[in-house]
Structure formats: C-alpha cells, structure tokens
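Visitor: Encoded as structure tokens, here's the structure I'll be asking about.
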Amino acid sequence: MDFFYTYLVLAEIYVLLGLSTNLLVGIVGIFSISQAAVFGVGAYTVAALLMNTATPFLAAVLVAALLCIALNILVTLPALRVAGDYFVVTSFGIQLLATAVFTNWTAGTGGANGLPGIPAPIILGHELLEPRQYLALTSLAMLLGCLCFWLMMRAPFGRLLKAIREDELGVAALGKSVLRAKVSAAALAGAFAGVAGGLYGSFLTFVDPSSFDLDASILLLTMVVVG
C-alpha cells in the first residue's frame, strides 16, 4: 500500500507542476522549457531551510513560492523581448544554466550527490512520516491549486490570457498591457512550481539535479500536451 500512496502523492505533486506549465504553455502560449528549473529551486529552497534553520515547513514552502515567483519574473522579463523559436532557445539556455548550478554548487545543493536527509514536514504538531499521512497534505494542495486555476480562468484576467494566446497584437491594440499580463502569468506559474518543489523535496527527503534537468522539463511538456 505504501507504493500506491507514494504513487498518488507524486501524481498530485505533478498535477500542481502541470498547472504551472499549462498556465504558460497552454493558456498564454509561452513555450517555455525551463519550468523544471523553477521546480528545482523550490525543492532546494525548502530542503535548505528545513535542514539548516528552524523554519516551519509551511513557512519554508511560502518562502520557496515567493522565491520562485521572483525568479520566474526575472527570467521572463528579458525573455519576453524575443518570441517564437527565439524564446524556446532562451528558455532552453536557462534550463541548462540551472542544471549546471544544481550540479556544481556543492555548498548549496550538494552537487551531483544531491541533498539527503531532508526532515519530514511537521503540520500542527504532527510529523508526516508515512506516504498515507502525506497524501492528505498533497491532496489539499492540489485541490487548492486546481480551484485557484479554475477561478482565475473564469475571471477577466483568465480571459485576457486566452486572448493574448489567440491574438497578441489585437489585445495590445485594445489598450491592454500584454507584458504585464504575461509577467503576472509567469509569477503565478512560479508560485505553483515553488509549492510543488517544496512538497516534492520534503516527501522524498532527498533531492538531486537529475529530477530538475532538461528531461524533466520535456516530461512536463509531455504531461500538458498529452494530458
């Protein structure tokens, strides 16, 4: 049964990560292949805070989400100056750069050996040691993420994002700020990826660069397209 619960936990974490990728690729039409890098930043941030400080788990996840929001904005702003194939190449370079940092920054990420021994999360005084216990946490996070995504798509902001995907010049001609909308979408995608990364690292109690490399980004794109 532990294998079954583990499978469900990982599936729910990847649902959150899929929402992040779908927001950029499916809704806005920004073909990014660097979301696994943001996912990795969230995982390593939560791992570092739990291992080296007395930061509570939920606060660590919040810090990871905020850091991934800032990272996605910083990455997106210059990258949005290019479009089409050029943006794909830019995001490809960002993914390779992040993988190199994860692999070579031994002091912060453990390098190629990764970071073992990440403490299990403690929620309301209860330490989540079993996959069955962790499943409740990931289920709640997934449901909140899906609800947030659904409400956003029904709001004017969601309709604006879809309009940008269909006709960016037309939206700009109507006086809407396309750049602001894209950056806002990137920020939300960063929040989803940061939370997913924090849940992933604390559940497995181990993170290493192979989970956040180019193959992981392609896997995310496959999930969105096939799903």
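The values are calculated or read from the model by the stated rules, or taken from the named source; none is laboratory data. What you are looking at is a predicted structure, and each value in this text was computed from that prediction instead of being measured. Counting neighbours? That spans all protein chains shown, and the Cβs are built from the backbone with ideal geometry, glycine included. Side chains included, ligands, DNA and RNA excluded: accessible areas come from the protein's heavy atoms. Shrake-Rupley method; radii C 1.70, N 1.55, O 1.52, S 1.80 Å.
Visitor: Tell me whether the stretch 94-161 comes out rounded, prolate or oblate; compute the Cα gyration tensor, take square roots of the eigenvalues as a ≥ b ≥ c, and use a/c under 1.5 as the rounded threshold.
Guide: Verdict is oblate for the stretch 94-161.
Visitor: Next up: Only Cα pairs within less than 10 Å get springs; with that Gaussian network setup on the chain, which residue of GLY117, GLY175, GLY18 has the largest fluctuation?
Guide: The residue that fluctuates most here is GLY175.
Visitor: Could you tell me which label, among [x] 16.7, 52; [y] 18.9, 58; [z] 17.4, 56, carries the value of Rg and Dmax of the Cα atoms in Å calculated for this structure?
Guide: The value computed from this structure is option [z].
Visitor: Next question. Ignoring ligands, DNA and RNA, please state the percent of accessible area on the stretch 87-227 from carbon and sulfur, probe 1.4 Å.
Guide: Accessible surface attributable to carbon and sulfur in the stretch 87-227 totals 67 percent.
Visitor: Show the residues, 5+ positions off or on another chain, whose built amide H is closer than 5 Å to the amide H of VAL207.
Guide: LEU115
Visitor: Something else: Which distance in nm do the two modelled labels at PHE4 and THR205 give, with both placed 7 Å along the Cα-to-Cβ direction?
Guide: 2.3
Visitor: Compute the angle between helix 57-79 and the longest alpha-carbon principal axis of the chain, please, reported from 0 to 90 degrees and rounded to the nearest 10.
Guide: 30
Visitor: Sort GLU168, GLU12 from largest to smallest accessible area, using a 1.4 Å probe on the heavy atoms of the protein chains.
Guide: From most exposed to least exposed: GLU168, GLU12.
Visitor: Could I have the simple spin-label model distance between ARG165 and VAL101, label points 7 Å from Cα toward Cβ, reported in nm to one decimal?
Guide: Taking the two extended label points, one gets 2.8 nm.
Visitor: Here is a further query. So, for the chain, what is the accessible surface per residue at a probe of 1.4 Å, expressed in square angstrom?
Guide: Computed with neighbouring chains in place, this is 50 Å² per residue.
Visitor: For the stretch 1-72, just say rounded, prolate or oblate: build the C-alpha gyration tensor, square-root its eigenvalues into a ≥ b ≥ c, call rounded for a/c under 1.5, and beyond that prolate if a/b exceeds b/c, oblate if not.
Guide: Because a/c hits 1.5 or more and a/b fails to exceed b/c, the stretch 1-72 counts as oblate.
Visitor: Could you give the length gained on full extension between CYS148 and HIS126, defined as 0.36 nm per residue of separation minus the Cα-Cα distance, in nm?
Guide: 5.2 nm
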